[in-house]
Each structure stands twice: as structure tokens, then as C-alpha cells.
Amino acid sequence: MDMKPTAQGAAAADDRPYNDILIRFEDATFRVGSRTVLHHTNWEIRRGENWAVLGPNGAGKSTLLAALAGRIPVVAGCLERLAKTVQPDAVGYVAVNQQYTLAAREALAADARAWAGLDAGGMTVADLLVSLPPADQAHHIADLLGIARLANRQLDRLSSGEWRRLLIVRALTPKVPRLLLLDEPFDGLDRRARQDMTGAIETLIRTGVQVVMASHRRDELPPGISHGLHLDGIRVIRAGQLSPDALAKAFPTIQPKISAHLPVPMVPAGKTPPVLVELRAVTVRYGRSIILDRLTWCHRRDEHWAVLGPNGVGKTTLLRLIAADHPQVYANDVRLMGRRRGTGETIHQARAPIAMIGNELQIAYQRPITALAVVVSGFFDSIGLFRRPTFAQETLARQWLAAMGLEGKEQTDFRHLSCGQQRLVLIARAMIKAPTLLILDEPCEGLDWENRHRVLARINALANQGQTHILCVTHRVEDLPACISHVLHLAPNGSARQETRKTVAAASGALTNCAANSLQAGRQDASFNPPGVLRNGQPPHAG
């Protein structure tokens, strides 16, 4: 049944004056597209309270924040705003769909400039922000989050983590709001950036800004978060002051039982070449800014690689070079499956043995299309579905959706799924053709505890079948698949360091233990730094 926030853990709130209430939901129901969600929601936010909105993927966390921001309608019951400071035009709001909208616009403009041979001319970070007075609180937060040093960076060259930090600073201008809504603010951030983000949120709370944030990870909740609202996809099941018991219920630590069974691919595995990817002294630069500096690197058969490094060092750029989605690939010696890019192959031929999942793909799919059609499109490497699939293709796509825990979502509009559910659909799309090389850019971003385990289990099972090789980027060691055998570290100066393990088994065991210990402790590990070893009598390459 529904529970009002004062019903559990916050009984004393009833004794406080009515004018302490800032926002009240009373028997409220919301509409997203043609659906009504979160029926009969009761919730109050009072002065001085900072809330975490918790729950699994698809529970309605982003919907609730969007309702608070005035972005979606309340179609039954009521939403009362009892102070001018919490009217929609005075509320700060940061959500991933804002990043997708802005990034999609800038990506189109950047592609046009790139193919025209222009390096500059795009909107910069400074263009997006209102000028910040030196003594302004927002200026202090911008400096804390490292946005000040990015002032002249073009938006299309921001990493996912840099985008997230920029949008938070943008929400504080031209005036710092009294209520700030943050939807998964830590996604895409490296360890240092997560620490800075925690400090920024704590600073805002200390200066009187009330924060309501959605999160899937316990270690992301800043100390200043005092209350929790737990959703289960249909209704509010708990609301009140955060306590160890409430946190334990919201963030389970017992590993879910997930079958390792995978749907059988339609096409038998072909012969894998001895070298899947080879980069020879690859340099990527924008004007005077060098992203990759003479990087030499090989991904060989039977290897599974992780690419690590802080925000902005070029991890996604590297993946785009390999996935035939970066114009500077033609100015470099990049070889895929033994063939140099730019020697007469078509884009379709280059992409045929590859599948990729990342934020850019999720941005590209913000269009009217069903979840089933998105997965089927993986057979054709298309953004959208432009041909009629066979019965066998549709059947396999349904099996992959079920394997991702999305049975029953086949005909749901992709845009109406939660961000985490969208990520699961796109992972199914990438895996459906059993590619030779599976490129994963933050595959666990936006996923709850159970779905992170589900995705990692599927990645490991696919790698263990022997025909698919993994190339994975992540900022969290606990999100590394256990199959990872080699690590490429990228540094801010454009250089790189490669490290390997003597056997796949040794690397898998080390990663599995590290991830298990980290998850069991409910925190991220400080670092992952396996020792380098010699390969064929030679030291690891440096870029």
C-alpha cells in the first residue's frame, strides 16, 4: 500500500508547522506519454530536508524528479507548491535527457564541421553558461567541479562525466536555486570527480540549497542527504529519514541468482583473425589540444581489454576510432581485422564484425521506436529499423530482451523506458549478432544492483563462448567484467600504459575478487593497478 512520508521514520515531522512544507504530493498520479505512472503518490518535502529517491530501474525515479521540476503533468490528485522558491522556474534540474538533447545537437554540428575540414566554431562551455561573478557561489562550485578550466572547450568534445558536471553548474546560473534536483549526478564520473561532486553537493547543502537526488548506488549518497523515498515501480513503498535499515532494504548486498544461459546466435562464428585491432602511432588532436599522442596498441585474439583513465583523456575517442565513427581515423594507421581503415572498405564492411554500446548510441535512439525494433536493428547496424525482420530475427530479439529482464517491454516506446532500461535494450542490440568485437562504453552506467550483475554475467558468458572479444571502458573497477585479461591506461597528457596478466584465469580471479570485495563493502575500490609483465620478451608499449 502507499505510505505517506511521515508514516515511517519521520513521525516528528507532523508536529512541525504547516508552513514548513515546501512541496506536497497528495494522491498524485503522473502521465508519461500515453501512460499513467506512480499512481496515488503521497509525499511531502519540508524545509531543511534533503532527499534521496531510490529504487530499481524503471521504478519511476526520473519521473518523480521531472514532476518536481514541472516537466510532466499530474493527471490525478494534486501537487502543491507552498513556497515561491519551489515554483518550476526557480528549481534547478539536472537530468540525463538534457545531456542527450544538447549533445545530439552539438554532434550534428560537429559532424558538419569535421567533414568540411573545420576544427573550430562550435559552442563552448562558456557559451552555455551565464557569466559567473568571481565571488558567486556558482563560480565556487564550477571551480570545485573543474568546469572553469573547460571554459573554452567545445561542447562536442566533452566526455560524459564532463557533461554531467557542466549541467550541474548550469543549473546554478544565473541564480542559485533553493531546490536542486539531480538525476544520477555521479554517472560517468571518475573517482576524483565523484569525490569533487560529493564535496560540491555538501557545499550547496551547507549554504541552504535543498537537494533531491536519484541514485542507484549507496556510496554516492552524500552525508547531507537526510531522507529517503523508495519506489518499487508502482508506488511509494517507504519514505522518511534515512536509517541503516532503510538503506539495507534499498541497496541489497546479496548477489542475485542470474542464469548464465544466452540465446543461441543465428549465424555460426567465423574465423577470428590473429589481430582484431591495431593502432600504429595514432594521434588525435583538435587544434593545439592533443587527445591521443602516438598511441601504439594491439588487441589480439583471445584477449579481453579494459580501457581506464580519468574523464577527458580520450577513452571514448579511442572507441570511436575503432568503431569507424571518428573522421580522424583516416589520418591515422588504424587496422581492424587485419585491414587498414580507409583502403576502400565501406562503413558497413568496417562495422560488420563490431557492436558498440555507449551514450552516443543512446542519444541517437531518442526517437519513436519500440524496444523490440531497437534490438532487431542490431542485425543491420542501423540507427532505426528500415526493413522487415524475419520471424527468426524477431524471436531471437525477444529472447535477448528476456535475458536482460525486459520481458513484456517489447512494444514499449524506447523513449518511455527509464535510462537504465534503455541501456539494457541497447546492450541486447549489441549482443544479438554475437560480434567478433564487443565495444562497451560504461555498460553499467544507470543500472541498479541486480541489472549490473545481469549485464556482467551476460558479458562474461558471451566472452567465454570464444567468438566475441570484449573491449570495455569504465570508471568503476566493480563494473569490470571478470573476463578482462588486459588493461590499457590512458593519461591526461595523451600517453598510455599497457599492462597484462600472464593468464586469463589469473586476471579473471583478481578482478572477480576485487569486485566482490568492493561491492560487499558497499563502496568503490580506490584504484585498479595490476602489475605490468613482459609480452614476447618486450615491455608493454607506451603511447
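The values are calculated or read from the model by the stated rules, or taken from the named source; none is laboratory data. Quick caveat, the model's predicted, so the values are computed rather than measured. Neighbour counts are summed over all protein chains in view; Cβ atoms, including those assigned to glycine, are modelled from backbone coordinates with ideal geometry. For accessibility, only protein heavy atoms count, side chains too; no ligands or nucleic acids. Shrake-Rupley method; radii C 1.70, N 1.55, O 1.52, S 1.80 Å.
Worth a mention:
- Its alpha carbons considered, the chain gives a radius of gyration followed by a Dmax of 23.5, 75 Å.
- Take the Cβ atoms of Ser495 and Glu394, set R0 to 45 Å, and the FRET efficiency comes out at 0.45.
- If R0 is taken as 22 Å, the Cβ-Cβ distance between Ala109 and Phe386 corresponds to a FRET efficiency of 0.30.
- The fraction of accessible area contributed by carbon and sulfur in the chain is 52 percent, rounded to a whole number (1.4 Å probe; ligands and nucleic acids excluded).
- Restricting the stretch 411-505 to trypsin sites (Lys or Arg not before Pro) in coil, as DSSP defines it, with at most 12 other Cβ within 10 Å: Lys502
- Three principal axis extents of the stretch 85-221 based on alpha-carbon atoms, in descending order, are 48, 33, 28 Å.
- The lysine pair count for the chain, using Cα distances under 17 Å and pairs eight or more places apart or on different chains, is 4.
- R0 of 60 Å, Cβ-Cβ distance Glu450-Thr207: FRET efficiency to nearest 0.05: 0.95
- For the stretch 393-474: rounded, prolate or oblate by the Cα gyration tensor [a/c cutoff 1.5]: oblate
- Excluding ligands, DNA and RNA, the accessible surface per residue across the chain is 42 Å² with a 1.4 Å probe.
- Amide H contacts of Leu54 (H built 1.01 Å from N, under 5 Å, at least 5 apart or other chain): Leu229, His230, Leu231
- Legend: helices of the chain (whole DSSP H runs) are marked when their alpha-carbon atoms reach 20 angstrom or more along the helix axis and their mean Kyte-Doolittle hydropathy is at least 0.0; marked are 504-520.
- Globularity index of the stretch 161-310, i.e. its alpha-carbon radius of gyration over 2.2 N^0.38 Å: 1.51
- DSSP-defined beta bridges in the chain - what % are antiparallel, rounded to 5: 55 percent
- Residues listed by number, the stretch 469-493, amide nitrogen under 15 Å from Gln255 label point at 7 Å toward C-beta: 478-484
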